[in-house]
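Contents: one structure, followed by commentary.
The values are calculated or read from the model by the stated rules, or taken from the named source; none is laboratory data. Computed from a predicted model, the values in this text were never measured in an experiment. We place every Cβ from the backbone using ideal geometry, glycine too, and count neighbours over all the protein chains shown. We work out accessible area using only protein heavy atoms, side chains counted, and drop any ligands, DNA or RNA first. Shrake-Rupley method; radii C 1.70, N 1.55, O 1.52, S 1.80 Å.
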Amino acid sequence: MASVFTRIIAGELPAHFVWQDDLCVAFLSINPLRPGHTLVVPRAEIDHWIDLDDETLTALMRVARTIARAQQRAYRPSKVGMLIAGLEVAHAHIHVSPIDDLHDMDFANVGPNPGDMALAAEAARIRAALTR
């Protein structure tokens, strides 16, 4: 059974993408920690990040840093946090989110789905910052 991320990458489920290349994609979380919370996901369906090949892991980190720099420009947070948990979806992924406090990375504080219009606006904000 394909993971929810594999189905998003295949276009079977909707998502607000901010990045797509041959090895990975990045799209907004539907249950964000903070506005702009982005998931960086390999195209290959691999459950645990420690099982990623070196090329894919390097690409994910490079894209996560690129997204983080765009979030820093777009949101002006104190920092941009990065977290690899992997418990919620059996498909490796990196959480990248603007933060002002360590508690901003606490999954007990995730917000509800902000809705399609809000996610579209946040995705546009990040994509615009990627081009600066």
Review point. So which residues in the stretch 115-132 are assigned to a loop (DSSP other than H, G, I, E, B) and more than 21 Å from R73 (Cβ to Cβ), if there are any at all?
Key: G115
Practice item. Tally the residues that are among the charged types (D, E, K, R), over 28 Å from R7 (Cβ atoms) and open to solvent by 50 Å² or more (accessible area, probe 1.4 Å), restricting the search to the stretch 74-106. Key: 4
Exercise for review: Filter the stretch 32-68 down to residues that are out of contact with any helix residue (DSSP H, G or I) (no Cβ under 9 Å at 6 or more places or on another chain), surrounded by fewer than 17 Cβ atoms within 10 Å (Cβ to Cβ) and either closer than 24 Å to S78 by Cβ or in contact (Cβ under 8 Å) with a residue 60 or more places away in the chain (or both), then give me how many there are.
Suggested key: 3
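The rows are residues; the columns are (1) in contact (Cβ under 8 Å) with a residue 24 or more places away in the chain; (2) closer than 19 Å to W19 by Cβ; (3) in contact with a strand residue (DSSP E or B) (Cβ under 9 Å, 6 or more places away or on another chain).
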| site | (1), (2), (3) |
| --- | --- |
| V80 | no, yes, yes |
| I84 | yes, yes, yes |
| I94 | yes, yes, yes |
| A121 | no, yes, no |
| L130 | yes, yes, yes |
Review point. How many residues are in contact (Cβ under 8 Å) with a residue 12 or more places away in the chain and either aliphatic (A, V, I, L, M) or within 25 Å of R65 (Cβ to Cβ) (or both) when one looks only at the stretch 103-113?
Key: 7
